[in-house]
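These notes concern the structure reproduced below.
The values are calculated or read from the model by the stated rules, or taken from the named source; none is laboratory data. Fair warning: this is a prediction, and the values are worked out from it, not measured in the lab. Please note: Cβ atoms are built from the backbone with ideal geometry, for glycine as well, and neighbour counts cover all protein chains shown.
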Amino acid sequence: MSAPLNADDTITLPHLAGLIGLRVRHRGELCVVLEVLDSPPSLVLEPLFQTTAGSAASILPNLHGQAGEYAAESRIVQILTDDLTGLNDALLELEILDQ
């Protein structure tokens, strides 16, 4: 069930822009917030991959040990419900790891 918005609970993009760069857990996977989209208001997430040292990486070494780009499939999480009256359940399920 979504949380209803009150007149005082205005969501604006400048507030959401502060989420860019934060690590979140989306459906059990570690991700980073890459961007905030205007229409419809959404977060773009990129999955991060665990390295052997336990830290997260979005660039992985190739077979020769050289760093190479890895194009992970980005995910889009809508911020508001379809009727724009509350917060989307997918947004509420995000676990913010950076505080």
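Observations
- Top-ranked residue of the range 82-99 - restricted to ones that are part of a strand (DSSP E or B) and farther than 17 Å from Arg23 by Cβ, ranked as modelled with the highest pLDDT: Leu87
- One residue stands out among those in the range 60-81 that are surrounded by 10 or more Cβ atoms within 10 Å (Cβ to Cβ) and assigned to a loop (DSSP other than H, G, I, E, B): the one that is modelled with the lowest pLDDT, which is Tyr70.
- Residues of the range 29-46 classified as farther than 11 Å from Ile76 by Cα and in a strand (DSSP E or B), total: 4
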